[in-house]
Amino acid sequence: AGLGFTYQFYKDTRFDPDYSTNIIGGRGFARYYIYKDFFAHTEVEVLNYDAYFWTSNYKENITITNVLVGGGYSQWISQRASVNIMILWNLNEDINSLYSNPIIRIGFNVGL
């Protein structure tokens, strides 16, 4: 189990005016190793960002909650650190979601 923090800067120059936003959030996750280095993963993530609606020239601050489930594989690089690849599915994907299913994530874990 663990906690994580998310920060992303997003900019899209295809529109006039350019659209940019800061995506900020956090997550709590749990992981269970099923067989050797293969694991099941579940996560709740809360993200906050500014959405811009071009049809009405309106900007709105949106907070979304993603419930992600899936699994992955850990490649250990030391006794306490690993590189992970996961395939996750957002169970409550909607029009404001920032990810499309499936979500492929590569990351690093360091245990204390």
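Structure values in brief
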read-out	value
Net charge of neighbours whose Cβ lies under 15 Å from the Cβ of ALA40, counting Lys and Arg as +1 and Asp and Glu as -1	+1
Residue-count net charge about ASN109 - beta-carbon cut-off 14 Å; Lys, Arg +1, Asp, Glu -1	+2
Charge context of ASP50, other residues only, Cβ under 10 angstrom, K/R +1, D/E -1	0
Dipole axis of the chain (+1 Lys, Arg; -1 Asp, Glu on Cβ), positive-most option in SER74, PHE9, ASN96	SER74
Size of electric dipole in the chain: Cβ of Lys, Arg +1 and of Asp, Glu -1, about Cα centre, debye, nearest 20	500
Distance histogram in 5 Å bins (all Cα pairs of the chain, percent per bin)	2, 10, 18, 21, 16, 12, 9, 6, 3, 2, 0
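Readers should treat all values here as calculations from the given coordinates under stated rules, not as data from a laboratory. Everything numeric in this text was worked out from a predicted model, so none of it was measured. A quick note on method: Cβ atoms are made from the backbone with ideal geometry, for glycine too, and the neighbour counts reach across all protein chains shown.
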